[in-house]
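The values are calculated or read from the model by the stated rules, or taken from the named source; none is laboratory data. These figures come from a predicted structure and were not determined experimentally. Using ideal geometry, Cβ is built from the backbone for each residue, glycine included, and neighbour counts are taken over all protein chains shown. Note: accessible area is taken over every heavy atom of the protein model, side chains too, but ligands, DNA and RNA are not part of it. Shrake-Rupley method; radii C 1.70, N 1.55, O 1.52, S 1.80 Å.
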Amino acid sequence: MKTDFIRKPLSLPSEAWINEQLAYYGGPAVIPEDSRKTTFPSITKEDIVQMLVSIQQSPEAVIDEFTEKYRSYVGANYAIATASGTSSLHLALVGVGVQPGDEVIVPAFTFIATAQAVVAAKAIPVFVDIDPLTYNLNPALVEQAITARTKVIMPVHVHGLPADLAQLRALADKHKLRLVEDASHAHSASIGGQLCGSIGDGAGQSLMADKNFPVGGEGGIAFFKGREDYERALTFLQETGIDYRMSWIAAAFGISQLDRLPYYDAIRARNASYLTNILAQTKLFKGPHVPVGHKHSYNMYRIKLDPEAAGLGDLPDYQVKEAIQELASSEGVFAREWQNVPIPGHLPFQNRKGFGRGYPFTLSERKDFGYHIDHFPETLKMLRSTLTICRELRSPIEYERIAAYALAFQKIDANPAIIRELVLQNTAAKKSYERDARLG
Amino acid sequence: MAHTTIITAPEKVTPVIKKEQYFSLSFVLSRVLNSGVIMSIEKNESELKGLEKSIGKLTQSKYVSLFNSYTGAVHAALWGQDIVHGSLTRLEGASEQDQRFVNWLGVGLVTDSEVSQGFEKVTVTWDNLSRIEQELLPKLQQSPVLVLDFTELGFGPCASISVNDESVWTKAERLKIFGAFDLKTMWTQEEAEPDIQPGAQFNYRLSPLVAACVKLSLLRRNSSHED
């Protein structure tokens, strides 16, 4: 039988591992090669039974049950289940009134779907740099990007850390703009107890397989605060004929998974807190900054590197990052790049083909769209000097695994001379954004 | 007051799956759920590849691309042939939904027979499934792109395009966020197809769970009784 059951338990962690030889040079890996797999989503008997129940119902009833259940969990007023996160963002944008040629402000650091959803709404994405601490859209830079064509500010709760919605709301109100959340990483994340997805005028959220709340491969959901916006989104679907419907199979999976979401959230929060506390004791590594009152959902966990504190400040930051990535990987911890080029540097924004013949970019009077990556120094700096743990921490991993991750970073931290040696050997290393753009 | 709704595509009423198919479909869904990460962007996703192969055989086509909706497949059929915003095309027997969607894409519809037919389409249903080869036969040579719509089988929106021209397929895959070429770039770290660049991209990726059900239905299309 084909199964994803993990058959080999990890050894109980020991601090003695920190002083062992690095795996890169032949020492024992903190996580042995045959024990590195993590699984998420966890499929349980509840998922199977729900599928057996749902198959006997009408597709509409299953989707309706899921939509209502999750809408109520998030605390949004209105919801439309969709086939993907991108389509949910598209619907959120047209729902709040985005028209062809309007401008929508988005962060330069996100997944490409944020900006492609703007193009799908036939609007122009205007990219703004990120805050150096949170890596979210920097409200201090948003105001100077607002023009007479701006209609929406669309922050992204990157990795699951809520963006500064209070400041962005103030800006939106001041300039009579709408606020739309891209909550694709932020299931159960909150500000002051209010869940992401329910705070803006509209929101889109991905429910695909690599999210904290996945619904059987692909799915999404759009949320609206006002009835008028919600109805505008429904009218758009009718008028265009576009089919963004979610499959009932995804909805059935969502119904059973939602019951266990708080449990998985709690494990992720526990593990992230454990890792952040250990990293704080190292020179080289620092966990994510979480502002007071914000609840991070840790869809991804971005680690900030501080070469200077480890006596490596004379070396190029991106080369230090690459050396650490190599060492971590050989210890069995997949800390990697997630995004390597700011989104405006990706091909669809460089060539601006859009729907063909440059539409909707041709609706803009801009000569310069501001898509050169040099306009986003904080994003570039972040890409040079951070590494991300993705599925390996998103999964509800056991104590011994998160402890092993922490020990691996401690082991690397204890070996700055070897990092220096690797940097000096690897003279061919390039900055991530000098390579071709990848989507993840 | 809070409210939710489900999206109903115009002119389509999704039928309920027939009772005699509950067991085999439940079994296949359980098997896929149990087999690991259900991810349409996984390099080795076998359900999607399996469905592509079945459709390729059925339509006698070299290349197949899957979509999470009929309109996604229509978009790809046109985009793959460079019928884009500002272009004209002809769609004989276009439904109201076809007309509205193509209009939204910015593509003009004409009746002039000098203009080539944009694509041929076949809707696959439980009623025509067992004689689908005969249904397809007259359509195979009529247009370089054949759209199959599987939505009425009841697993959720699902469609495909079948083509023999690799460049049409390449462009169609380029329309999908994390389609075949974005995926290659992920693994190789190099842009997979720099000459055929993406423009607007949509997430038209199909869930492997839906693909598994459609594939099973196609494979068992000639069985009169199920389990």
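Here are a few things to note about the model shown:
- Residue match in region A:426-436 (condition: away from chain B (no Cβ under 14 Å), within 30 Å of A:LYS8 (Cβ to Cβ) and either of a type in the set (S, T, N, Q) or surrounded by fewer than 18 Cβ atoms within 10 Å (Cβ to Cβ) (or both)): no
- Residue tally, condition open to solvent by 40 Å² or more (accessible area, probe 1.4 Å), in contact with a helix residue (DSSP H, G or I) (Cβ under 9 Å, 6 or more places away or on another chain) and hydrophobic (A, V, I, L, M, F, W, C), over region A:1-39: 4
- Selected residue (only one of A:LYS211, A:LYS176 is open to solvent by 10 Å² or more (accessible area, probe 1.4 Å) and over 30 Å from B:SER26 (Cα atoms)): A:LYS176
- Of all residues in region B:165-173, none satisfies being on the phi > 0 side of the Ramachandran plot and touching a Gly at 6+ places or on another chain (Cβ under 8 Å).
- Residue that is farthest from A:ARG178 (Cα to Cα) [pool: residues in region A:220-235 that are open to solvent by 10 Å² or more (accessible area, probe 1.4 Å) and facing chain B (nearest Cβ under 9 Å)]: A:LEU234
- Test: residue in region A:237-245 that is among the acidic types (Asp, Glu) and not in a loop (DSSP other than H, G, I, E, B): yes
- Elements of the type strands (runs of 3 or more DSSP E) sitting completely within region A:85-189 and holding at least 3 residues that are modelled with pLDDT under 95 and of a type in the set (S, T, N, Q): there are none.
- Just so you know, in region B:190-204 the residues that are of a type outside the set (A, V, I, L, M) and at pLDDT below 95 include one that is farthest from A:ASN340 (Cα to Cα), and it is B:ASP195.
- Conditions (1) touching a residue at least 60 places away in the same chain (Cβ under 8 Å); (2) in a loop (DSSP other than H, G, I, E, B); (3) within 11 Å of chain B (Cβ to nearest Cβ): number failed by A:VAL30: (3)
- Filter result for the condition that a residue is more than 14 Å from chain B (Cβ to nearest Cβ), of a type in the set (Ser, Thr, Tyr) and either farther than 18 Å from A:MET154 by Cβ or under 15 Å from the mean Cα position of the chain (by Cα) (or both), over A:SER190, A:SER247, A:SER256, A:SER206: A:SER190
- Condition met for B:VAL145 (β-branched (Val, Ile, Thr) and more than 9 Å from chain A (Cβ to nearest Cβ)): yes
- Top-ranked residue in region B:106-128 [being closer than 22 Å to B:VAL64 by Cα and either touching a Phe, Trp or Tyr at 6+ places or on another chain (Cβ under 7 Å) or among the basic types (Lys, Arg) (or both); ranked as nearest to the other protein chains (Cβ to nearest Cβ)]: B:LYS121
- Failed item in (1) more than 15 Å from the chain's Cα centre (by Cα); (2) closer than 18 Å to A:VAL118 by Cα; (3) outside any strand (DSSP E or B), with A:ILE221 passing the rest: (3)
- Condition check for A:ILE105: of a type in the set (A, V, I, L, M) and within 11 Å of chain B (Cβ to nearest Cβ): no
- Across region B:27-79, the number of residues qualifying as at the interface with chain A (Cβ under 10 Å from one of its Cβ atoms), small (Gly, Ala, Ser), part of a helix (DSSP H, G or I) and surrounded by fewer than 19 Cβ atoms within 10 Å (Cβ to Cβ) comes to 2.
- Note on region A:70-84: among residues that are part of a helix (DSSP H, G or I) and within 11 Å of another protein chain (Cβ to nearest Cβ), the one that is nearest to A:ALA222 (Cα to Cα) is A:ARG71.
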